[in-house]
Every structure is written in structure tokens, then in C-alpha cells.
Amino acid sequence: MAQPTFSTHVGMVDILPDEVGKWQKLEQIIREEAKKFNFEEIRTPILEQTELIARGVGQLTDIVSKEMFAFERGDDHYVLRPECTAPVARAFVEHHLDQRGGTQNLYYIGPMFRAEKPQKGRQRQFHQFGAEIIGAADPAADVDIIALMMSIYDRVGIANTTLKINSVGDPESRKAYKKALKDYFRPNLSKMSEISQERFEKNPLRILDSKEEEDQPFIEDAPLITDYLTEETAEHYGRVKELLDNLEISYEEDPYMVRGLDYYTRTAFEVISPDLGAQDALGGGGRYDLLIEEIGGQSTPAVGFAAGMERLMIACEELNIELVDEEMLDVYIVTLGEKARKWAVKHLPKLRKSGLSASMDYIGRSIKSQMKDADRENARHTIIVGDHELSEGKFTLRNMKASEEDAYTFDEILRRLTE
Ligand code: HAM
């Protein structure tokens with residue numbers, strides 16, 4: 001076979017027709033669960049202003065400093081969105097969504113872009129579903145967000161997940177904690193990895209995220225953020241845990257969990273799956289009470305999550321969960337000869353107008369291969385048309401599953417299929 005001339009960019013993946021069914025099924029589950037939780041969909045552009053992402057996600061994060069697909073056109077700086085929280089916050093401010101009253105419970109499904117090194121579960125174009133509650137400071141909102149995320153995994157059938165939670169504090173708690181961390185790491189800094197030495201000055205919390213072996217012994221005994229929380233923040237965290245307990249959502253506290261985005265305050269969480277290998281985070285999120293003000297809005301508390309759809313698909317494969325698309329084709333018209341094809345071209349629209357999905361062969365294949373095609377398309381019925389049927393005015397209607405057939409006029413067929 002000839003080598004194809006073009007291929008996708010590294011880390012960007014086609015979703016081919018045979019796989020689309022499971023994506024549609026997953027999207028359907030997400031939409032149904034979001035509806036139960038009273039979330040409305042929001043769709044923002046794929047391209048955002050680079051400055052929004054830099055300010056929102058944080059200049060020093062890997063996402064902004066290393067992984068942005070960004071370009072300029074005239075005076076405008078564009079970036080392919082690496083995540084959707086900052087864009088949703090922008091839309092909230094730009095369109096004064098607060099004026100709709102109450103909290104804004106929004107969800108999204110779509111592609112995100114990060115120029116990371118691709119590996120299993122890590123792509124450069126990947127898909128997230130996510131949800132945000134904007135305008136609520138109450139711990140009940142944190143827990144509702146977590147409950148929505150977990151209910152989607154539940155519906156899909158992914159049960160063996162671990163929910164990890166932490167509080168990353170507010171600026172006041174974090175200032176005290178950063179100082180404690182620096183005092184703790186300073187004496188051993190020269191023995192630690194280069195990356196951690198760099199993070200020491202810029203953002204010592206990120207040292208806790210280090211995967212470097214030489215850092216692990218020091219990280220193990222590092223001070224805990226939970227010992228530095230202000231009274232209010234500690235109380236918020238306590239309430240979140242209490243509400244999770246009430247809902248019987250089990251969790252593990254991970255006081256060293258720092259997320260890779262800078263906007264978090266108070267609650268942070270991640271859902272880990274043992275079925276994913278190295279990239280084991282199915283999803284994550286947290287509270288971001290300062291982001292909206294940071295990007296020019298009024299001070300507005302908010303909390304949300306996002307989850308990787310490719311990672312969810314990998315977990316399904318490992319667990320032998322089939323996300324089946326039950327879509328079937330209602331009718332396939334099998335034709336023999338030119339006259340029959342003309343008949344089919346005329347009658348297909350009538351079937352479709354009656355609400356049936358219908359297809360036919362366009363390339364004059366044999367009856368056998370048309371029947372095979374009908375099977376592949378998962379057709380419920382075939383209508384078989386040849387010269388004999390045309391002269392009789394009666395056509396063979398075959399029920400493909402029951403392997404039963406009989407002859408009817410077209411009007412009778414229409415009635416049988418639509419009643
Ligand atoms: P995040 O932790 O950066 O959070 O991403 C959420 C999820 O997206 C990850 O747990 C992972 O499943 C998936 N993901 C991230 N990068 C990749 C990649 N390169 N390839 C495949 N999957 C990936 C956020 O994006 C925040 N916006 C979450 C949030 C919403 N926080 C508050 N609201």
C-alpha cells in the first residue's frame with residue numbers, strides 16, 4: 001500500500017466513524033447527568049486571547065510557560081485554549097451573566113490543546129467535559145461539583161476510582177505555608193532536582209508535585225498546608241468533608257496535592273484511576289474564588305471540575321466497559337437493476353420525511369454485498385426491490401433481526417414501519 005502523504009500532527013488523533021458511537025454515547029451520558037444537576041451548556045471559542053490564559057491559568061505554570069499553541073495575527077495574540085475554566089470565566093464577565101440572577105451552573109464538552117510530550121493518556125489535542133458553578137461560596141457547591149463528576153463515572157460504570165481532596169488555602173494561608181515550605185526545603189536544596197531548585201524561588205508549592213526521585217525523601221516530611229489554613233478556610237474544608245460523608249462519597253485526603261493551575265483557592269480535588277498507568281488522573285478541579293476578579297470582573301466565588309474524555313475511554317477499555325451506541329438504521333433499500341435504483345432514489349425521501357433513517361446503495365453493488373452493507377449499518381429492515389417487485393407493486397420487507405420477510409406495497413411498508 002502506498003504511504004499516505006499527510007498525517008495528523010503528533011499527539012493529535014482522528015476519531016474515526018467506528019469509534020464515534022462511543023463518544024456520542026459518553027456525550028449523551030454527560031448531558032443527561034448535567035441536566036439532572038441543573039447545569040446549562042456553554043460553548044466558547046477554541047481560540048482565546050493569550051493574555052487571558054496567561055493571567056487566568058498562571059504565568060509560571062507548565063501550561064502557560066511551555067505548552068501553549070500560540071500565534072499572532074496583526075496585533076492580536078491567539079492561543080488554542082488549553083482548558084476551559086478561564087474562557088468560561090471570561091464569558092461570565094464579558095456577557096454579565098451574573099445579571100441572569102442566582103448562580104451560573106455551566107457545563108462544556110470540547111477539545112483542548114496542550115503541547116505536551118504525547119504518551120498513553122496524554123495528547124496535544126484532547127477532549128474534556130467540565131462544569132463550573134459561578135457565584136457560590138458555600139461548600140455545598142464544591143460538593144455538588146464533585147457529585148456531578150462522580151455521577152458521570154458511576155453511570156459509565158467506572159467504579160474503582162479514588163477521589164483525592166485537599167485545601168490549598170487562601171492567599172493568607174498560602175503565604176504562611178510558602179514561607180514554611182521554603183524554610184523546610186532550604187537546607188537541602190542543593191541535593192534536590194534542578195526543576196525543584198527553580199520552583200523554590202518561583203512557586204515552592206509546585207515542588208510537592210515533583211516526580212523526580214531525588215526529591216522524594218524531602219517531600220515526604222514536608223510541612224502540611226492543612227496546618228497553615230486560616231480558621232475560615234479550615235472551616236470550609238471541614239464542611240466539604242462533612243457533606244461528602246453525608247452523601248457517602250468516599251475520599252482520601254492528600255495534603256500534598258497541588259494542582260497544575262494557579263487559580264485554585266481552598267478546595268482542590270482529583271479523581272485517580274488505577275487503570276490508567278502513568279497518566280492516572282481521570283479528572284480534577286477545585287475552587288477558584290479569585291479568578292474572576294483577576295480577569296477584570298467583580299469578586300465572585302466559583303468552583304468547577306474538568307475530566308479527560310480520552311482517559312475515560314482508556315479506563316473503559318481496561319475494565320471491558322462497552323460504551324455502545326444503540327443507534328440503528330431503520331431501513332436500507334436493496335436494489336437490483338437501474339429501474340429499482342431510480343425507485344429507491346424517489347422513495348428514500350418519503351421514508352426520511354416520515355421520521356425514519358434510511359439509506360441505499362449508490363454504486364451498483366451485488367445484492368449480496370448490499371445485504372452485507374445493511375448488516376454493517378445495523379439496519380433494522382431492508383426493502384428489496386427488483387424488476388419483479390416493481391411490476392407487482394409489492395416489495396419485500398425483511399426484518400433483519402428476526403430474519404422474516406413478506407411482500408407489501410410501499411404505503412403498507414410505510415405504515416408498518418411508522419406505527
Ligand atoms: P486539569 O487537571 O489541567 O484541570 O485537566 C483536567 C483533566 O483533563 C485531567 O485530569 C486529564 O484527565 C485531562 N487532561 C489534561 N491534559 C491532558 C492531555 N494532555 N491529554 C489528555 N488528557 C488531558 C483543568 O483543566 C481545569 N480547568 C479543571 C477545572 C475546572 N478547575 C476548575 N474548574
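The values are calculated or read from the model by the stated rules, or taken from the named source; none is laboratory data. Small disclaimer: the values here were computed from a predicted structure and weren't measured. Methodologically, a virtual Cβ is constructed for each residue, glycine included, from the backbone with ideal geometry; neighbour enumeration extends over all protein chains shown. Accessible surface areas use protein heavy atoms only, side chains included; no ligands, DNA or RNA. Shrake-Rupley method; radii C 1.70, N 1.55, O 1.52, S 1.80 Å.
Would you please name the residue that is nearest to the ligand (Cβ to nearest atom), looking only at residues in the stretch 111-152 that are in a helix (DSSP H, G or I) and farther than 26 Å from Thr226 by Cβ?
Once the filter is applied, the top-ranked residue is Ile152.
Sort out which residues of the stretch 61-96 are more than 15 Å from the ligand (Cβ to nearest atom) and either in a helix (DSSP H, G or I) or touching a residue at least 24 places away in the same chain (Cβ under 8 Å) (or both), and write them in order of number.
Within the stretch 61-96, Asp76, His77, Tyr78, Val93, Glu94 meet the criteria.
So which helices (runs of 4 or more DSSP H) are wholly in the stretch 194-260 and hold at least 3 residues that are open to solvent by 30 Å² or more (accessible area, probe 1.4 Å) and within 30 Å of Ile53 (Cβ to Cβ)?
The helices (runs of 4 or more DSSP H) meeting that bar are 194-202.
Restricting the search to the stretch 11-60, which residues are farther than 18 Å from Glu83 by Cα and open to solvent by 100 Å² or more (accessible area, probe 1.4 Å)?
Answer for the stretch 11-60, where residues must be farther than 18 Å from Glu83 by Cα and open to solvent by 100 Å² or more (accessible area, probe 1.4 Å): Pro17, Asp18, Lys35, Lys36, Asn38.
Go through the stretch 365-397 and count every residue that is free of Cβ contacts under 8 Å to residues at least 24 places away in the same chain and more than 20 Å from Glu327 (Cβ to Cβ).
12
Results for (1) touching a helix residue (DSSP H, G or I) at 6+ places or on another chain (Cβ under 6 Å); (2) within 16 Å of the ligand (Cβ to nearest atom); (3) at pLDDT 95 or above, shown as yes or no for each residue.
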| residue | (1), (2), (3) |
| --- | --- |
| Asp245 | no, no, yes |
| Glu253 | no, no, yes |
| Ile272 | no, yes, yes |
| Gly277 | no, yes, no |
| Asp289 | no, yes, yes |
| Thr300 | yes, yes, yes |
| Val303 | yes, yes, yes |
| Gly308 | no, yes, yes |
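Please identify the pairs in which a residue from the stretch 1-21 that is in the same structural domain as Gln125 (by TED's automatic domain parsing) has its Cβ atom under 8 Å from the Cβ atom of a residue that is open to solvent by 100 Å² or more (accessible area, probe 1.4 Å), counting only partners at least 6 apart or on another chain.
Every condition considered, the pairs that remain are Gly21/Glu327.
Report, ordered by the first and then the second residue, all pairs with beta carbons closer than 6 Å, sequence separation of six or more or different chains, a first member in the stretch 167-193 that is under 26 Å from Glu235 (Cα atoms), and a second member that is part of a helix (DSSP H, G or I) and of a type in the set (Phe, Trp, Tyr).
Ser167/Tyr237
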